[in-house]
1. Which peptide among 56-69, 92-105, 74-87, 111-124 comes first, and what is the full order, when sorted by highest mean count of other Cβ atoms within 10 Å?
2. Run the dipole for region 66-128 about the Cα centre, Lys and Arg Cβ at +1, Asp and Glu Cβ at -1, nothing else charged, and hand back the magnitude in debye, nearest 20.
3. Might you report the magnitude of the Cβ-based charge dipole of region 8-50 about its Cα centre, with Lys and Arg at +1 and Asp and Glu at -1, to the nearest 20 debye?
4. Can you tell me the 0 to 90 degree angle between the C-alpha axis of helix 51-68 and the longest principal axis of the chain, rounded to 10?
5. With n ≥ 4 as the cut-off for DSSP H runs, can you work out [θ] at 222 nm for the chain, using -39500 (n - 2.57) per run divided by the number of residues, rounded to the nearest 500?
6. When the dipole is taken about the Cα centre of the chain, and only Lys, Arg (+1) and Asp, Glu (-1) are charged at their Cβ, what size is it in debye, to the nearest 20?
7. Summing +1 for each Lys or Arg and -1 for each Asp or Glu, what net charge is found among the other residues whose Cβ lies under 11 Å from the Cβ of PHE99?
8. Here are a few candidate values for mean projected area of the Cα convex hull in nm²: [x] 6.9; [y] 8.6; [z] 8.0. Which one was actually calculated from the structure I just gave you?
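Computed from the coordinates by the stated procedures, all read-outs in this text should not be read as laboratory data. Predicted, not measured: the structure shown is a model, and the values here were computed from it. Positions of Cβ are generated from backbone atoms using ideal geometry, with glycine treated the same way; all protein chains shown enter the neighbour counts.
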Amino acid sequence: MSGAALPRPLGNYARWRRVGATIYVAGVSARLPGGEIDGVRRDGDAVQRDVAVQTRRVLANVDAILQEAGAGLADCVDMTVYLVRAEDFAAFNAAYAEFFPGDAPVPTRTTVVVRALPHPDMVVEIKAVACAPV
């Protein structure tokens, strides 16, 4: 996924910043380039939000952003995760583990359950810090 395939930030902030070897990635959602949120199904008035699908999209977006900065998920040293529903933790954790398999080094991680995220269809958001040579 190239930077062109990423959604534009909705506010006046940088998608990422580099200070020396450290790359700071702003909170990333499952938003697609067209603005819709991945992992959402509507059937009449019923809405289903799939945390595993959203987690995969978020991590793919984080990786694409890090690629813009000359790094990748393997360079992440810390992640902060915001989940809307505590009961989604197991499904989130399983999808997250797909991106950090086996004995590979994994970033430290803090997961916080929050009341809401900026879009009502968002159920997960991740902020990342990576370290990669300049």
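1. Numbers: 56-69: 20.3, 92-105: 13.3, 74-87: 17.4, 111-124: 15.4.
Sorting 56-69, 92-105, 74-87, 111-124 by mean packing, highest first, produces 56-69, 74-87, 111-124, 92-105.
2. On the way: 4 positive and 9 negative charges, 47 e Å.
Result for region 66-128 is approximately 220 debye, rounded to the nearest 20.
3. Numbers: 8 positive and 5 negative charges, 76 e Å.
With Lys and Arg at +1 and Asp and Glu at -1, about 360 debye.
4. Taking the Cα atoms of the chain, the angle to 51-68 is about 30 degrees.
5. On the way: 2 runs with 27 residues, N = 134.
Value at 222 nm, helices only, nearest 500: -6500 deg cm²/dmol.
6. Details: 14 positive and 15 negative charges, 83 e Å.
Taking the Cα centre of the chain as origin, the dipole is about 400 debye.
7. Values: positive: ARG56; negative: ASP63, GLU98.
Combined, the nearby Lys, Arg, Asp and Glu give -1.
8. Read-out taken from this structure: [y].
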